[in-house]
Amino acid sequence: MLSTITHLECSRCAKTYPHDRLQNLCTCGMPLLARYNLAAAKKTLTPENLSRRAPDMWRYSEVLPGGAPVTLGEGMTPLVRCERLSAALGLTRLYIKDEGLNPTGSFKARGLSAAVTCAKALGAKTLAIPTAGNAGGALAAYAARAGLKAVVAMPRDTPRCNVMECQATGAEVHMIDGLISDCARYVAERKDSEGWFDVSTLKEPYRVEGKKTMGYELWEQFGGRLPDVIFYPTGGGVGMIGMAKAFDEMEAMGWIGAARPRMVVVQAAGCAPVVEAFASGAAHAEFCQNASTIASGLRVPKPLGDFLLLNTLRATGGTAIAISDAEILATGRELAAAEGIFAAPEGAATVAAARHLAARKWLAADEKIVLFNTGTGYKYSEAWEKALAPLTVS
Ligand SMILES: *Cc1c(COP(=O)(O)O)cnc(C)c1O
């Protein structure tokens, strides 16, 4: 079970880099992606071998970076068939991939487990991250697990739980008056003088690798097939970029053919740069001014990987849709009451998106559809308090 990683390659200009030292962006400013010897990987990454491996994301070690995993048991989250919700939306085969069950309560655990594993193996000592909330919590936890230092920069109005988890796990926390883009500037301006390794979204190559395991898991959990449609609540878009990469790797290993699930970007109405770029046919997103939403993970005014997301949407026949905060909260309550899944607002947004696309007949009733609940509702008490009536003492 060894990594077959061979090198890193720029996602835009294809320039290559060695993987045995710390790397951030390509000299052209774009994200680097990890490449593997897939002919070698497929010899041992077989269904027979997989059936004997531990149920966490490191089961796909051939197509993950090397180094002793810094792990808290992330991955292999439940794929929950939702019959009551399906019926309510006029569909029949709706599933929720419940990423809220990951360590630290969100799928950021996957990306940060991979990133911290590599950073530690390559000698980094202090890891810095600008975050909307959950990525900071995950970095803080995995850095603690690795015995490394974490520096977290987050907007002043980040959900309280995210701030507390970072404090509790011993991170150095900086509250910034602004958005995640301002936090990114804070880290960028200090990282060289402070000796921090920057693990911002897509600015190091391995968070994508951790998140791509969601694509491998879907294939395994559906018995060696992929669903017809995948709904993904998109901030930086790492998970969607990662899954698209996983599907390409799976095709190269002969696991699947050329067909792909239609990918759907779901954003919040108060911050929908990818939805707007998709609608206008643009190759890149415009910076979203005054970005605002209770779905904090979606408050990314301009994703660095916007061109990769837009390419994936167009190549798979997908689409992009924005949902208002009021609808997100109302739908989150419906989801919890129908299926017992108390979701993050980001996850609830995908349910609302599926309802709209079912009503427009963009979805067919018999299609196999996966909605990503990317985090647990428990981390969003301020948001859910707004949606739930206060109780009186009986
Ligand atoms: C970060 C985050 C997102 C967005 O993830 P990306 O892969 O960056 O698009 C969605 N939901 C939650 C709960 C998050 O924490």
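Structure notes:
- Region 281-301: number of residues that are within 13 Å of the ligand (Cβ to nearest atom) and closer than 19 Å to K379 by Cα: 8
Each row is one residue, and each column tells you yes or no for (1) of a type outside the set (V, I, T); (2) at pLDDT 95 or above; (3) over 22 Å from A132 (Cβ atoms); (4) open to solvent by 10 Å² or more (accessible area, probe 1.4 Å).
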residue: M243; (1), (2), (3), (4): yes, yes, no, no
residue: A252; (1), (2), (3), (4): yes, yes, yes, yes
residue: R260; (1), (2), (3), (4): yes, yes, yes, yes
residue: V264; (1), (2), (3), (4): no, yes, no, no
residue: G270; (1), (2), (3), (4): yes, yes, no, yes
residue: E276; (1), (2), (3), (4): yes, yes, no, yes
residue: A295; (1), (2), (3), (4): yes, yes, no, no
residue: E327; (1), (2), (3), (4): yes, yes, no, yes
residue: T331; (1), (2), (3), (4): no, yes, no, no
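- In a residue-by-residue description of region 193-201, the property of being within 13 Å of the ligand (Cβ to nearest atom), open to solvent by less than 20 Å² (accessible area, probe 1.4 Å), outside any loop (DSSP other than H, G, I, E, B) and within 28 Å of Y380 (Cα to Cα) applies to no position.
- Flag if A171 is more than 16 Å from the ligand (Cβ to nearest atom) and surrounded by 23 or more Cβ atoms within 10 Å (Cβ to Cβ): yes
- Region 302-361 - residue that is part of a helix (DSSP H, G or I), more than 18 Å from the chain's Cα centre (by Cα) and of a type in the set (V, I, T) and, of those, nearest to the ligand (Cβ to nearest atom): I328
- Residue within region 202-213 that is touching a residue at least 60 places away in the same chain (Cβ under 8 Å), aliphatic (A, V, I, L, M), more than 13 Å from the ligand (Cβ to nearest atom) and surrounded by 15 or more Cβ atoms within 10 Å (Cβ to Cβ) present: no
- Scanning region 99-117 for residues that are within 16 Å of the ligand (Cβ to nearest atom), surrounded by 22 or more Cβ atoms within 10 Å (Cβ to Cβ) and at negative phi yields a total of 13.
- For A268, the requirement of being within 15 Å of the ligand (Cβ to nearest atom), farther than 23 Å from L33 by Cα and more than 18 Å from the chain's Cα centre (by Cα) is not met.
- When residues of region 142-161 are limited to those that are more than 17 Å from R110 (Cα to Cα) and assigned to a helix (DSSP H, G or I), the one least open to solvent (accessible area, probe 1.4 Å): C161
- Scanning region 118-141 for residues that are surrounded by 24 or more Cβ atoms within 10 Å (Cβ to Cβ), in contact with a strand residue (DSSP E or B) (Cβ under 8 Å, 6 or more places away or on another chain) and outside any strand (DSSP E or B) yields A119, T131, A132, G133, N134, A135, G136, G137, A138, L139, A140.
- The condition of being open to solvent by less than 20 Å² (accessible area, probe 1.4 Å), in contact (Cβ under 8 Å) with a residue 60 or more places away in the chain and of a type outside the set (G, A, S) does not hold for F222.
- V393, sole failed condition from (1) open to solvent by less than 10 Å² (accessible area, probe 1.4 Å); (2) assigned to a loop (DSSP other than H, G, I, E, B): (1)
- Residue tally, condition open to solvent by 40 Å² or more (accessible area, probe 1.4 Å), in contact with a helix residue (DSSP H, G or I) (Cβ under 7 Å, 6 or more places away or on another chain) and assigned to a helix (DSSP H, G or I), over region 55-98: 2
The values are calculated or read from the model by the stated rules, or taken from the named source; none is laboratory data. Note that this is a predicted model, so its numbers are computed, not measured. Note that we place each Cβ from the backbone using ideal geometry, even for glycine, and neighbour counts take in every protein chain shown. Areas reflect the complete protein model, heavy atoms only, side chains present, ligands, DNA and RNA absent. Shrake-Rupley method; radii C 1.70, N 1.55, O 1.52, S 1.80 Å.
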